[in-house]
Amino acid sequence: MLSCRLDLYRTVEEDHLMNRRWIAAIAIATLAGAAMAQTVYETRDKSGPVFTDRPSAGASAVQLQAPNVIAMPPAPQAQPASSPAAPAYRELVIIAPEAQGTIHSNTGAFDVRARLSPALRGSDRIQVSLDGNVLKTRFRSPDLRITEADWNAAASSDDGLHTIALTVVDAKGAPLIASAAVGFYVQRASVARQRRAR
């Protein structure tokens, strides 16, 4: 029975010593990063080795090897979850001016109304072509106004048949959907016509 207790005592003492060695190893590993700039000292007490960064009586300097450093490649950047693509435009139809209809305008300014499905998205815009000439202005709505300046810059003449077409373009100007061109006439009031009407 005594031998059993002795073996048990030795096992506990050996475990205690092993734990101290592990603690010492962890301390050395922890201090290894700082070892380049500091000296590590080892002393012994009744429990085993003690490591510290402060010299004390009976302590000896420990020569640590340079730590192994492995350069890891940079972690790949996480790609942002792509939002599902917005549905493509299905329809772009000019409602006004009506095909072969007449607009009454002395200046050339008039309103355009169109039906767009689905609705215009974020950075997409409406581009207008008047008599085959693309206007510089891009619009944020399918209901828009052609100004006198737009008319003067793009209309081919004051008389005769004119055409208008709309195109939805993305932020880079790439066409996403286009309407059919609509032909229309512009009627301007004149003094001669007013006299005939009297």
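The values are calculated or read from the model by the stated rules, or taken from the named source; none is laboratory data. Only a predicted model underlies this, so the values are computations on that prediction, with no experimental measurement involved. Backbone-built Cβ (ideal geometry, glycine too); neighbour counts: all protein chains shown. Areas reflect the complete protein model, heavy atoms only, side chains present, ligands, DNA and RNA absent. Shrake-Rupley method; radii C 1.70, N 1.55, O 1.52, S 1.80 Å.
Brief remarks on what is shown
- The accessible surface of the range 36-148, taken with every protein chain in place and a 1.4 Å probe, is 51 percent carbon and sulfur.
- Packing rank of 55-63, 112-120, 39-47, where each peptide gets the mean count of other beta carbons within 10 Å, highest leading: 112-120, 39-47, 55-63
- For the range 90-185: accessible area per residue (Å², 1.4 Å): 54 Å²
- The stretch between ARG54 and TYR185 holds 37.4 nm of extra length on full extension. This uses 0.36 nm per residue minus the Cα-Cα distance.
- FRET efficiency, ASP170 to ALA61 (Cβ-Cβ, R0 41 Å, nearest 0.05): 0.05
- Considering only HIS162, ALA119, GLY108, and ranking their Cα positions along the charge dipole of the range 84-170 that arises from unit charges at the beta-carbon of Lys, Arg, Asp and Glu, the one farthest toward the positive end is ALA119.
- Label point 7 Å beyond Cα of ILE177 along Cβ direction - residues of the range 126-148 with amide nitrogen under 13 Å: 126, 142
- Between ASP111 and MET72, the C-beta separation translates, for a Förster distance of 41 Å, into a calculated FRET efficiency of about 0.05.
- Put ILE126, ILE70, ILE103 in order of accessible area, highest first, and with a 1.4 Å probe you get ILE70, ILE103, ILE126.
- Taking a sphere under 10 Å around the Cβ of ALA59 and counting the other residues whose Cβ falls inside, with K and R at +1 and D and E at -1, yields a net charge of +1.
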